[in-house]
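The values are calculated or read from the model by the stated rules, or taken from the named source; none is laboratory data. None of these values were measured; they are calculated from a predicted model. Cβ sites come from the backbone with ideal geometry, for glycine too, and all protein chains shown count toward neighbours.
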Amino acid sequence: MDTRAEHWLEAGDYFDWKPPGGSAPLRIFHAEFGDPEAPLLQLVHGFPTSSIDWYDVVEALSGERRVCVLDFPGFGFSDKPKDATYTLERDCELLDFHLRDVLGAEGGAVVSHDRGDSVALAFAARCDAGATPFRLTNLVLSNGNMFLPLSNLTEFQTLVLDEATAPQALEQITPELLAAGLGQTTFTPVRGPEDPAIRALADTFEVNDGVAVLHDTIQYLVERSENEESWLEALSRSSVPTALVWGLYDTVSPPRVAAHIWNVFLSTKPGENTFWLLPGANHYLQHDQPREFAQVVLAVLGGSISQAPGPLSEEAAAPLLVDASRAELPSAKDVLAGS
């Protein structure tokens, strides 16, 4: 196992969780970083990866926060039972259990990525509806296909999603090939198989034969398609401060996804909301620009945001604040009048 994967595994531990509905208990990997008395920050990973996605940012974030991560079933170092039902709703239940029962937290912030955005949106809706006593203080969403009509699913995703084509597609995939493919298409600049982040992905895919459950775990796209409008509409009514942080070079979850979500659902929602671009990052922005990603997250959580659009610093690759929310959009006449 690669040193990075070993280090991540050694930093964490396991807890047992029994999903609702009578399923057998599952062994779930989780880890904590920073001062356990500091404000809580839960990081939520995407597909097909795991909590190791946050490897490059936990040091910067944990200087001010109690940073917590977990691997959902089917991912990373957690159990990956074959022919199981992997759903976003079940992972939302697990996230709630992890926060309240495992961590003993009453409130805190959630930062999510990719598939994790949908889990976070479902959890935010649950919090807003009073279905959990957890108090969500901030929500940060990053590079994920939260609005599928504007996404670009890859050929591999569509093949693995389809029950008819998945078996043949998965027969040709190894953990190393899956990781290498991500390194070629979702990182900027491109990363080869020997890159530490890519080698660590291969190691985590190999644990408990993660490739074998890809057809099951990718079914979240169907669940997302059925719920994405209701989740986003619920968020648009929520007063929880929300930030979108997007890697500019992403072609799978392109910036048009973020722009649509911002313009339609977030730009005039209650609370202080912001939209950011990382100009040197692809889909895995927390790997491509980890320092800049952490800067945005800490600035958002700390409330130290200028309302004027522009770069966060004078550096060439500085995070760019695209927009901040307002109560309502002004009319064209008001703009010309300077009001």
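Condition first: at pLDDT 95 or above, under 27 Å from A5 (Cβ atoms) and of a type outside the set (S, T, Y). Now tell me which residues in segment 134-155 satisfy that.
V140, L141, N143, G144
So which residues in segment 25-44 are touching a residue at least 40 places away in the same chain (Cβ under 8 Å) and farther than 18 Å from A84 by Cβ, if there are any at all?
Here is the first cut: in segment 25-44, the residues touching a residue at least 40 places away in the same chain (Cβ under 8 Å) are 26-30, 32, 39-44.
Of everything in segment 25-44, those that are touching a residue at least 40 places away in the same chain (Cβ under 8 Å) and farther than 18 Å from A84 by Cβ turn out to be H30, E32, P39, L40, L41, Q42, L43, V44.
Pairs under 7 Å by beta carbon, first residue free of Cβ contacts under 8 Å to residues at least 60 places away in the same chain and on the phi > 0 side of the Ramachandran plot in segment 111-127, partner aliphatic (A, V, I, L, M) and part of a strand (DSSP E or B), six or more apart or different chains?
Final answer for the pair search is none.
When the residues of segment 310-337 are narrowed to those that are farther than 21 Å from V300 by Cα and surrounded by 11 or more Cβ atoms within 10 Å (Cβ to Cβ), which ends up nearest to the chain's Cα centre (by Cα)?
L329
Within segment 25-46, can you find the residues that are surrounded by 22 or more Cβ atoms within 10 Å (Cβ to Cβ) and assigned to a loop (DSSP other than H, G, I, E, B)?
H45, G46
Can you name every residue in segment 143-192 that is polar (S, T, N, Q), closer than 13 Å to T251 by Cβ and either assigned to a helix (DSSP H, G or I) or free of Cβ contacts under 8 Å to residues at least 24 places away in the same chain (or both)?
From segment 143-192, those polar (S, T, N, Q) are 143, 145, 151-152, 154, 157-158, 165, 168, 172, 174, 184-186, 188; that's our starting set.
Applying the additional criterion that residues be closer than 13 Å to T251 by Cβ yields 143, 145, 151-152, 154, 157, 184-186, 188.
Residues satisfying the conditions are Q157, Q184, T185.
Is it fair to say L277 is hydrophobic (A, V, I, L, M, F, W, C), in contact (Cβ under 8 Å) with a residue 12 or more places away in the chain, over 25 Å from L40 (Cβ atoms) and surrounded by fewer than 22 Cβ atoms within 10 Å (Cβ to Cβ)?
Working: hydrophobic (A, V, I, L, M, F, W, C): yes; in contact (Cβ under 8 Å) with a residue 12 or more places away in the chain: yes; over 25 Å from L40 (Cβ atoms): yes; surrounded by fewer than 22 Cβ atoms within 10 Å (Cβ to Cβ): yes.
Here the answer is yes, as L277 does meet what is asked.
Among residues belonging to segment 280-292 that are surrounded by 20 or more Cβ atoms within 10 Å (Cβ to Cβ) and either out of contact with any strand residue (DSSP E or B) (no Cβ under 9 Å at 6 or more places or on another chain) or modelled with pLDDT under 95 (or both), point out the one that is farthest from L148 (Cα to Cα).
If we filter segment 280-292 for residues that are surrounded by 20 or more Cβ atoms within 10 Å (Cβ to Cβ), which is where we start, we get 281-290, 292.
From what's left, either out of contact with any strand residue (DSSP E or B) (no Cβ under 9 Å at 6 or more places or on another chain) or modelled with pLDDT under 95 (or both): 287, 290.
Details: H287: 24, P290: 26 Å.
By that ranking, first place goes to P290.
Please go through segment 95-111 and pick out each residue that is among the charged types (D, E, K, R), part of a helix (DSSP H, G or I) and either over 22 Å from R224 (Cβ atoms) or modelled with pLDDT under 95 (or both). Please lay out each step first, then the result.
Kept after step one, since they are among the charged types (D, E, K, R), are these residues of segment 95-111: 96, 100-101, 106.
Narrowing further to those that are part of a helix (DSSP H, G or I): 96, 100-101.
Within segment 95-111, R100, D101 meet the criteria.
Condition first: out of contact with any Asp or Glu (no Cβ under 8 Å at 6 or more places or on another chain), assigned to a loop (DSSP other than H, G, I, E, B) and either under 18 Å from E206 (Cα atoms) or not small (G, A, S) (or both). Now tell me which residues in segment 1-22 satisfy that.
Within segment 1-22, just K18 meets the criteria.
Restricting attention to segment 255-279, and to residues there that are modelled with pLDDT of 95 or more and small (G, A, S), which single residue is farthest from A317 (Cα to Cα)?
S267
Need the failing condition index for A200 against (1) over 21 Å from I173 (Cβ atoms); (2) part of a helix (DSSP H, G or I), just the number.
Only one criterion is unmet by A200, namely (1).
So E106 clears everything in (1) over 24 Å from T132 (Cβ atoms); (2) touching a helix residue (DSSP H, G or I) at 6+ places or on another chain (Cβ under 9 Å); (3) surrounded by fewer than 21 Cβ atoms within 10 Å (Cβ to Cβ); (4) acidic (D, E) except one condition, right? Which one?
Every condition holds for E106 apart from (1).
Kindly indicate whether D114 is out of contact with any helix residue (DSSP H, G or I) (no Cβ under 6 Å at 6 or more places or on another chain), at pLDDT 95 or above, among the acidic types (D, E) and closer than 14 Å to H45 by Cβ. Before the answer, list the steps.
Numbers: out of contact with any helix residue (DSSP H, G or I) (no Cβ under 6 Å at 6 or more places or on another chain): yes; at pLDDT 95 or above: yes; among the acidic types (D, E): yes; closer than 14 Å to H45 by Cβ: yes.
Yes; evaluated as a whole, the condition is true for this residue.
Are any residues in segment 62-94 within 17 Å of N138 (Cα to Cα) and part of a loop (DSSP other than H, G, I, E, B), and if so, which ones? Working first, answer last.
Start the filter on segment 62-94 by keeping residues that are within 17 Å of N138 (Cα to Cα), which leaves 62, 64-69, 92.
Correct list: S62, E64, R65.
So for segment 12-24 (the condition being on the phi > 0 side of the Ramachandran plot, of a type outside the set (S, T, N, Q) and free of Cβ contacts under 8 Å to residues at least 40 places away in the same chain), does at least one residue qualify?
Yes, because at least one residue in segment 12-24 is on the phi > 0 side of the Ramachandran plot, of a type outside the set (S, T, N, Q) and free of Cβ contacts under 8 Å to residues at least 40 places away in the same chain.
Any idea how many residues of segment 229-253 are buried (at least 20 other Cβ atoms within 10 Å of the Cβ) and part of a helix (DSSP H, G or I)?
Selection size over segment 229-253: 2.
Would you check if E59 is in contact with a Pro (Cβ under 7 Å, 6 or more places away or on another chain) and not in a strand (DSSP E or B)?
Against the criterion (in contact with a Pro (Cβ under 7 Å, 6 or more places away or on another chain) and not in a strand (DSSP E or B)), E59 does not qualify.
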